[in-house]
Amino acid sequence: MRALILFSLKRRFLNPVAISLQVLFTLVLIILFNLDHISEALNLNFSTPYPIQVSSETINELLPIEYWEKQGFILVEESADLIIDYREGIYEVKGAASLTLQAKIYTLLLQSHQQKILNESHPSVTEFIMNYNSVPLIFDAPIDPLEAIQSNLVFAILTSVYFMILNFISVNSNEIIQEKTSNVLEFILTSITPFQHFCAKILSGLITVLVQIGLSMGIFGCLLIQRLNMDQGRGLFMLANKYFNLEGSGINFEMISHVLKLSPNFFVKMIFAFLFLIIGLLILQVMILILSSRVKTIEEAASIQGPFYLGLLAIYYVSLVLNSPQQLSSDLGRTLSYVPVSSMLMMGMRILSTNVAHDELSLSLLISFLTLFGIMFCGFHWYRKGLVNE
Amino acid sequence: MLKVKSVSKSYHRRKVLFECSFTCEPYQIMGIFGHNGCGKSTLFRIICGIIKPDSGAVIVEKDKVGYMPEQRSLLIDLTLTQQAKMLGKLRNLNETQTELSLQEMINTFGFGEMASKPIKTLSKGNQQKAQLILSMIHRPKVLILDEPFNGLDYLSQIELSRWIRIYAQKGNSVLISSHQLEHMDGLCDEILILDHGKTIKQGHLQSLREQHQQYSVKVNADSNWKDFNFAYESLSAVDSWIEVRFTTLNQAKRAVGIFLKDKSVQSIHLEMVALSELIQVCEH
């Protein structure tokens, strides 16, 4: 049994693909852990500081400027959309139009307030604790809950489709590996050319995803309509409310049904967002087809698919972090919406949450298409050689 | 007809085929021989269009070529019928054509009910038959068989040899590679012998035998063989026999005539020397 275990482990870890990927993974981690040094050395700056207008009196009531700059803000004296005033012991914030921005400002103002409290004397511990934990703060731009729900709903739909796509990518890869290991390719390639085989795999992968999305959305849509007609989903909502305090957060079913009344403009945006998802899918399909054609064993196949998933999961988490109109429109968000594969989610989210200029949209589409055709054209040679083990 | 013109191929800078040229005419069965790794399978894959040669050309209608690889190339979860339908579509055959062709093959090879069972449930020999049927579903004009006798029982091997002969007689070209030389001996019209990718001998089997002392007459060792007077190439003792080798058939026949007149000769065998020996002689 020991010999069998050792044999199996050797095949899993000591194949060229696993070793190459381990080296690549190590390099990526080294880069990530030293990103600040690299960014400094290369003088990279993806973020533009967010300006906050504060008067000279208010600035004394805030944390030092360095704290604000570390959070991506810059304090200016005039002409900013976001204004903070300190009057009669109360912080007034004007123009913070997103929950994420409000949360960041709240944290900084709370720290400023707590710094102030620590320097004051208090008649009792109780009063100290009460004052310490609560900052007198007013936001004058309440968040439109409908917008927030719609934005989150859109994100949920996009990421669901994204993960569905990830699942189907591996199916194509496994098919090729099975054809190679069972030697069926020899038979197939006497009937069709390697290029026809290549195109067939890409198209069958794409059609599978589209059919699955269509099926899923169709079934979901039918059940939703049925439920809305029945009792507008109140029974479900009441069940959910037992475990999650939906009513306490201000969400009710009328709100959700209002959100679902999508405008034609929104539909057009959804179509573009899906277009980016599909192009990203095709790029990933082609990449994994080419890599899979070079695989000789099942162990190598497993080594390829794992890091692919990790990379795509990383894109998902980055999109989670940048999930607000301000962050999507920041330099980092814009850059990622041009990079192929990451534009699958990033550009989709930008289209649905903000207004994207036509030229930006066209440029990102062009880059994605060029990448797709470039990989197909350059990679087909490797694919053909890999298929026939040349 | 199949024409191969100066085909060469290298893998990772190692040359596996050196300017191989031959023609396989209709009605002809050509045997490709050589030790393991001499380039036979590479040659077949080039002819089928699976890989491209580094230089040279293959002149054949690609959709008229049928190829049975040495290794199993079957989807084991599917039945023969299902795979035949899929391959028929890949070959641009309509359903009726595929059905007719499949039924003919099933009847020829006595496959019967096994055609509707998953391939993985069939024995090795029946899987080999299934593979052969699939390689011929489109009735190719040029049929390439790489080790077709592998896994077959002796009767099936004989049956397959007979069937290959019939297939060639219908105006088709057949290329075979096999180590079952006793079957190939009576089957091949032309042979091609490869050694490390180089063609070392090629031509009509009969002519090659005549070139290489390919006739022998065996008589019992206790006959008066020493007294016989005829020209021969070599003499050797094999078990209780004396084997006399001749260059031509006529010489061998003359010797047989002399032996027949002598009462001390109790039995005579006139043989063409086995194909295996011919190949060994050619390789050296």
Segment B:222-250, residues that are modelled with pLDDT of 80 or more, among the aliphatic types (A, V, I, L, M) and out of contact with any Phe, Trp or Tyr (no Cβ under 6 Å at 6 or more places or on another chain):
B:LEU235, B:ALA237
Could you tell me which numbered condition B:ALA84 fails, if it satisfies all but one of (1) under 17 Å from A:SER191 (Cα atoms); (2) surrounded by fewer than 18 Cβ atoms within 10 Å (Cβ to Cβ)?
(2)
Any residue at all in segment A:227-234 that is on the phi > 0 side of the Ramachandran plot, away from chain B (no Cβ under 14 Å) and modelled with pLDDT under 85?
yes
Please work out if A:VAL211 is under 26 Å from the mean Cα position of the chain (by Cα), surrounded by 10 or more Cβ atoms within 10 Å (Cβ to Cβ), away from chain B (no Cβ under 14 Å) and modelled with pLDDT of 85 or more.
yes
Select from segment B:26-57 the residues that are in a loop (DSSP other than H, G, I, E, B), within 14 Å of chain A (Cβ to nearest Cβ) and open to solvent by 10 Å² or more (accessible area, probe 1.4 Å) and list them in ascending order.
B:GLY49, B:LYS52, B:PRO53, B:ASP54
Scanning segment A:302-341 residue by residue, those among the small types (Gly, Ala, Ser) and open to solvent by 10 Å² or more (accessible area, probe 1.4 Å) turn out to be A:ALA302, A:SER303, A:GLY306, A:GLY311, A:ALA314, A:SER329, A:SER330
Identify all residues within segment B:16-38 that are more than 16 Å from B:ILE200 (Cα to Cα) and touching a strand residue (DSSP E or B) at 6+ places or on another chain (Cβ under 7 Å); write none if there are none.
B:CYS24, B:GLU25, B:PRO26, B:GLN28, B:ILE29
Identify, by number, the condition in (1) open to solvent by less than 30 Å² (accessible area, probe 1.4 Å); (2) within 14 Å of another protein chain (Cβ to nearest Cβ) that A:PHE380 doesn't meet.
(1)
Could you figure out which of (1) at pLDDT below 80; (2) open to solvent by less than 40 Å² (accessible area, probe 1.4 Å) isn't true of A:GLU360?
(1)
Criterion first (closer than 24 Å to B:PHE33 by Cα and surrounded by fewer than 16 Cβ atoms within 10 Å (Cβ to Cβ)) does B:GLY151 satisfy it?
no
The conditions are (1) crowded, with 16+ Cβ neighbours inside 10 Å; (2) at pLDDT 80 or above; (3) out of contact with any strand residue (DSSP E or B) (no Cβ under 7 Å at 6 or more places or on another chain), and B:ALA255 fails exactly one of them. Which is it?
(3)
Top-ranked residue in segment A:133-151 [being modelled with pLDDT of 70 or more and surrounded by fewer than 15 Cβ atoms within 10 Å (Cβ to Cβ); ranked as nearest to A:ILE278 (Cα to Cα)]
A:ASP140
Where in segment A:1-96 are there helices (runs of 4 or more DSSP H), lying wholly inside it, with at least 1 residues that are open to solvent by 90 Å² or more (accessible area, probe 1.4 Å) and within 23 Å of A:LEU322 (Cα to Cα)?
A:16-33, A:35-41, A:65-70
Given (1) within 14 Å of another protein chain (Cβ to nearest Cβ); (2) within 23 Å of the chain's Cα centre (by Cα), where does B:GLY171 come up short, assuming only one miss?
(1)
Residue ID - most open to solvent (accessible area, probe 1.4 Å), chosen from residues in segment B:58-73 that are touching a residue at least 60 places away in the same chain (Cβ under 8 Å), outside any helix (DSSP H, G or I) and more than 8 Å from chain A (Cβ to nearest Cβ):
B:GLU61
Quick one: what pairs do we get from segment B:166-182, first residue assigned to a helix (DSSP H, G or I), second open to solvent by less than 10 Å² (accessible area, probe 1.4 Å) and modelled with pLDDT of 90 or more, C-beta under 8 Å, 6+ apart or different chains?
B:TYR167/B:LEU143; B:TYR167/B:VAL174; B:ALA168/B:ILE29; B:ALA168/B:VAL174
The correct count of residues that are in a helix (DSSP H, G or I), open to solvent by 90 Å² or more (accessible area, probe 1.4 Å) and within 14 Å of chain A (Cβ to nearest Cβ) in segment B:87-113 is 1
Could you list, in sequence order, the residues of segment A:69-82 that are within 23 Å of A:ILE117 (Cα to Cα) and at pLDDT 80 or above?
A:LEU75
Elements of type helices (runs of 4 or more DSSP H) contained in segment A:317-370, each with 1 or more residues being farther than 17 Å from A:LEU158 by Cα:
A:325-328, A:331-336
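The values are calculated or read from the model by the stated rules, or taken from the named source; none is laboratory data. Bear in mind that the values here come from a model prediction, so they are computed numbers and not experimental data. Reconstructed Cβ throughout: ideal geometry from the backbone, glycine too, with neighbour counts over all protein chains shown. Accessible surface areas use protein heavy atoms only, side chains included; no ligands, DNA or RNA. Shrake-Rupley method; radii C 1.70, N 1.55, O 1.52, S 1.80 Å.
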